[in-house]
Amino acid sequence: MNNYDILKRTFAVSIDKSNIGQNLMFVGWIEDFRDMGKIGFISVRDMTGNFQGVVTGEILIKLREIPRQSVVIIHGVIKESKAESFQVEVKVEKVELLSKAANPLPIDPTGRVSSSLDKRLDSRALDLRNSRISNIFKTRSNALYLIRKFLTSKMFVEVNTPKIIGSATEGGADLFGFEYFSKKAFLAQSPQLYKEQLTLGLERVFEISPYFRAEPSHTVRHLSEFVSVDMEAAYLKYTDVMDFIEELIISTISDLYTNHNIQMKYFGESRDILPDKIPRISYEKCLEDLKSLGEKIEFGEDLSDPSLRKLGEIYPKFYFIVDWPTKLKPFYILEHEKDPELSKSFDLQYGYLEIVSGGTREHDSERLKNKLLEKGLNPSSFSDHLQAFEWGMPPHSGCGLGFDRFMMILTKSTNIREVVLYPRDTERLSP
Ligand code: 4AD
Ligand code: MG
């Protein structure tokens, strides 16, 4: 290996008709080997794609000893191909084994022998040698980049707040607690309180970070550790935040289809996820819709999973549910002046799936204390937070976007575990 300048390697993507006759040095893994006796064909792949190599003589004999998925260096010449499925092939002149793969392997990453999701997750690194799977994570990286670019263009400042915290962020019982030296600590369930405080000096902030939730949910959309894109902005109203979210969703999806279509093709040709506009439907209208479908549901009740599935049949794509009952939302959400039973809040849905929750926040410290008491929380546990509200806290609004759920939509995956490298749920704590 040290004998070669690896930066001179040719990537699979750049092997085409324009370089017929040229020599190449290629580094990648053997995906397939067909031994026809006097001649053999190998399919080799790197992070950019694959090509077919033709082998004869000594090299053919050597390849019989090299298991599939082993990493090799190939030297050869690019030639026109007679095979229908390839424009060019490589006449292999030398093969060097860099790293030998075990035989058999726990899963077949080519997908010819299919494996359950659980088995694939147990061998995740190997699973990524499947192109569709690796393209999920390339799309994930592209989407994160595009979201950062979008928010930065709107003057948001990226921040990092602690994930080890001393008290419950939002109230509720779904926290993981642990020993922290001589104290009790928790893993943050969201950066909610920090991001609100930070609007005091930075005005517009966002954070892309893990949330930890000890919810014993066994579904295809819940994990114990997931990534959220949180944002918070001084002076904005929840309707302004919805405008931003709508623009972010549309611009991210259309950029992926325009500039990263090679990846997006792995998830089907249809661009049906891209909206022109995202409708805003009130919670009360959702109740009417559900009642017209025979659901028994009264004002103030949360929308259960079966209700959301029914709503998802009426609204199968992106839509906002706005103005939720105040009692269903956390203490920090502001209510409407004219009707305190309704809050200035929204959820962004994709069919049955909740993607974003957000709203206008209560920024008056006295009223915030009362809201804590109304929700059965102890204001003294929130004293660090409440003090910031005495220092000239601007009115502010924000939201949290469940990034893994957004990835499910982008890649048309039905299970959140597909789009998370090493998912954590009630059962899974490894690899
Ligand atoms: O709706 P949630 O709980 O909202 C908050 O945490 C607020 N602090 C956000 C705000 O700014 N008001 O969580 C935000 C999003 C949800 O809409 C959902 O998409 C996702 O996070 N989410 C989960 N994703 C995967 N697994 C779980 N267990 C999730 N719980 C919520
Ligand atoms: Mg929510």
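Values in this text are rule-based calculations from the coordinates and carry no lab data. Being a predicted model, the structure only gives us computed values, none of them experimental. Cβ: placed from backbone, ideal geometry, glycine included. Neighbour counts: every protein chain shown.
Here are a few things to note about the model shown:
- Among Leu193, Leu117, the ranking by other beta carbons within 10 Å of each residue's beta carbon, starting with the fewest, stands as Leu117, Leu193.
- From helices alone, the chain scores -8500 deg cm²/dmol at 222 nm; the rule is -39500 (n - 2.57) for each run of n ≥ 4 DSSP H residues, then divide by the residue total.
- Peptides 402-412, 97-107, ordered by how many other C-beta atoms sit within 10 Å of their residues on average, highest first, read 402-412, 97-107.
- Straight-line cross-link partners of Lys184 among the aspartates and glutamates, defined as a Cα under 15 Å from its Cα and at least 8 positions apart when in the same chain, are absent.
- Kyte-Doolittle at least 0.5, axis length at least 30 Å by Cα - qualifying DSSP helices, the chain: none
- Considering only Pro109, Thr219, Leu193, the residue lying farthest towards the positive end of the dipole of the range 78-236 is Pro109, judged by Cα position with unit charges set on Cβ.
- Neighbour-count ranking [beta-carbon atoms within 10 angstrom, fewest first] of Val54, Val77: Val77, Val54
- Rounded to the nearest 20, the size of the Cβ-charge dipole of the range 23-104 about its Cα centre is 140 debye, with Lys and Arg at +1 and Asp and Glu at -1.
- Ranking Ser282, Tyr332, Gly400 by how far each Cα lies toward the positive end of the dipole of the range 278-431 (charges on Cβ) leaves Gly400 at the top.
- Centroid-to-centroid separation of the range 357-375 and the range 205-269 [C-alpha atoms, Å]: 25 Å
- Placing R0 at 45 angstrom, the Cβ-Cβ distance between Ser116 and Glu96 gives a FRET efficiency of 0.80 after rounding to 0.05.
- Sites Asp302 and Lys338, calculated FRET efficiency, Cβ-Cβ separation with R0 22 Å, nearest 0.05: 0.45
- For the range 406-421 versus the range 84-160, the gap between their alpha-carbon centres in whole angstrom: 14 Å
- Label-point gap, in nm, between Val220 and Arg148 - each point 7 angstrom along Cα→Cβ: 3.1 nm
- Label-to-label distance, Tyr422 versus Trp391, with points set 7 angstrom from Cα along the beta-carbon direction: 3.6 nm.
- Protection-proxy order for peptides 413-420, 366-373, 275-282, each taking the mean of Cβ atoms within 10 Å per residue, highest first: 413-420, 366-373, 275-282
- Spin-label pair Ser251/Glu80, simplified geometry with 7 Å Cα→Cβ offset, distance in nm: 4.8 nm
- Dipole magnitude for the chain: computed about the Cα centre from +1 point charges on Lys and Arg Cβ and -1 point charges on Asp and Glu Cβ, it is near 1740 debye.
- Full-extension gain in nm, Ala125 to Ile262, via 0.36 nm per residue minus C-alpha separation: 47.1 nm
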